[in-house]
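Peer 1: The structure that follows is given in the form of structure tokens.
The values are calculated or read from the model by the stated rules, or taken from the named source; none is laboratory data. Quick caveat, the model's predicted, so the values are computed rather than measured. Neighbour counts run over all protein chains shown; Cβ positions are idealised from the backbone, glycine included. Ligands, DNA and RNA are excluded from the accessible area calculation, which covers all protein heavy atoms including side chains. Shrake-Rupley method; radii C 1.70, N 1.55, O 1.52, S 1.80 Å.
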Amino acid sequence: MANRPVHFIWLLDCSYSMQGEKIGQLNYAIREAVPEMRSVAQDNPAAQLLLRTLTFSTTARWHHQDPVPVENFTWQDVQVDGMTNLGEALQLVARELDTPPMPQRALKPVLALVSDGVPTDDWKAGLRAVDATPWGRKAVRVAIAIGADADRTVLQEFLGNPELQPLDANTPKQLAAAIRWASTAAVKAASQMVAGATDPLAKQPPYAPPVLDDDDDDVW
């Protein structure tokens, strides 16, 4: 059976509030998660995992615009710049969730949102645009809240499922654990749909990330 594509899209907050250790740890966490994503993809040969990255600050832009097979994917560090235009980012993603460009035979795409603050544009219009697309409604969604200032209400609405909660990342170790969990659990959830499996993301716990004691870490 031919492989069916799973499109995984990172939506990364690169506003000025992410500068310093936060953006450094985010780059490190995603870079370290890529090999584990490859391993998950190898365990699901009926699915082809394709990665992309979208950043948002004063503007939203594709960091990796073309879908890249996970086995060929190399992480390129993102940088901070400006405000938090999440709505613009969601509008860009929505354009990719129609058919075309999304192939009809694809598996559920994965949308992974990471943010540490409050959107500075009309994010609700962007979310409506995503929800208006057929693949946007089907997407497996995960959200990671970095630090105490992250708007968890926005992240909860992005998830669109009252049974799911944003993953809290208040220290570097928690961010690494959240990125690793989101990468692997979401890919499993999307790729296992080929066999008609239920969505493991809808079962928290035991699918929630581990709670880590980070007494020696600085809290954001």
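Peer 1: Restricting to the stretch 145-159, what's the tally of residues that are surrounded by fewer than 16 Cβ atoms within 10 Å (Cβ to Cβ) and part of a loop (DSSP other than H, G, I, E, B)?
Peer 2: Number satisfying all stated conditions: 2.
Peer 1: Here is a further query. From the residues in the stretch 115-140 that are among the hydrophobic types (A, V, I, L, M, F, W, C) and over 29 Å from residue 23 (Cα atoms), which one is surrounded by the most Cβ atoms within 10 Å (Cβ to Cβ)?
Peer 2: Applying the filter and picking the extreme gives 135.
Peer 1: Would the stretch 24-32 turn up any residue that is touching a strand residue (DSSP E or B) at 6+ places or on another chain (Cβ under 8 Å), of a type in the set (A, V, I, L, M, F, W, C) and farther than 19 Å from residue 83 by Cβ?
Peer 2: So far as the stretch 24-32 goes, yes, one or more of its residues are touching a strand residue (DSSP E or B) at 6+ places or on another chain (Cβ under 8 Å), of a type in the set (A, V, I, L, M, F, W, C) and farther than 19 Å from residue 83 by Cβ.
Quick grid of which residues meet (1) open to solvent by less than 30 Å² (accessible area, probe 1.4 Å); (2) hydrophobic (A, V, I, L, M, F, W, C):
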site	(1), (2)
24	no, no
39	no, no
45	no, no
51	yes, yes
62	no, yes
68	no, yes
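Peer 1: Within the set of pairs 6 or more residues apart or between chains, which connect a residue that is modelled with pLDDT under 95 inside the stretch 141-153 to a residue that is assigned to a helix (DSSP H, G or I) with Cβ atoms less than 6 Å apart?
Peer 2: Going by the 6 Å Cβ cut-off, there are no qualifying pairs.
Peer 1: Residue under question is residue 84, and the condition is that it be part of a loop (DSSP other than H, G, I, E, B), in contact (Cβ under 8 Å) with a residue 40 or more places away in the chain, polar (S, T, N, Q) and surrounded by 15 or more Cβ atoms within 10 Å (Cβ to Cβ); does it hold?
Peer 2: Spelling it out, residue 84 is indeed part of a loop (DSSP other than H, G, I, E, B), in contact (Cβ under 8 Å) with a residue 40 or more places away in the chain, polar (S, T, N, Q) and surrounded by 15 or more Cβ atoms within 10 Å (Cβ to Cβ).
Peer 1: Hey, another quick one. Is at least one residue of the stretch 99-116 in a loop (DSSP other than H, G, I, E, B), within 13 Å of the chain's Cα centre (by Cα) and either in contact (Cβ under 8 Å) with a residue 24 or more places away in the chain or under 19 Å from residue 179 (Cα atoms) (or both)?
Peer 2: Among the residues of the stretch 99-116, at least one is in a loop (DSSP other than H, G, I, E, B), within 13 Å of the chain's Cα centre (by Cα) and either in contact (Cβ under 8 Å) with a residue 24 or more places away in the chain or under 19 Å from residue 179 (Cα atoms) (or both), which makes the answer yes.
Condition check ((1) touching a helix residue (DSSP H, G or I) at 6+ places or on another chain (Cβ under 7 Å); (2) within 17 Å of residue 25 (Cα to Cα)) across all residues:
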residue: 127; (1), (2): yes, no
residue: 135; (1), (2): no, no
residue: 154; (1), (2): yes, no
residue: 170; (1), (2): no, yes
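Peer 1: Do you know which of the residues in the stretch 165-209 that are open to solvent by less than 50 Å² (accessible area, probe 1.4 Å) and polar (S, T, N, Q) is modelled with the lowest pLDDT?
Peer 2: 191
Peer 1: Say we look at the stretch 135-163 and pick out the residues that are over 15 Å from the mean Cα position of the chain (by Cα) and of a type in the set (S, T, N, Q); which of these is farthest from residue 85 (Cα to Cα)?
Peer 2: 161
Peer 1: Can you tell me which condition residue 13 does not meet? The list is (1) surrounded by fewer than 16 Cβ atoms within 10 Å (Cβ to Cβ); (2) among the acidic types (Asp, Glu); (3) within 20 Å of residue 168 (Cα to Cα), and all the others hold.
Peer 2: Here residue 13 clears every test but (1).
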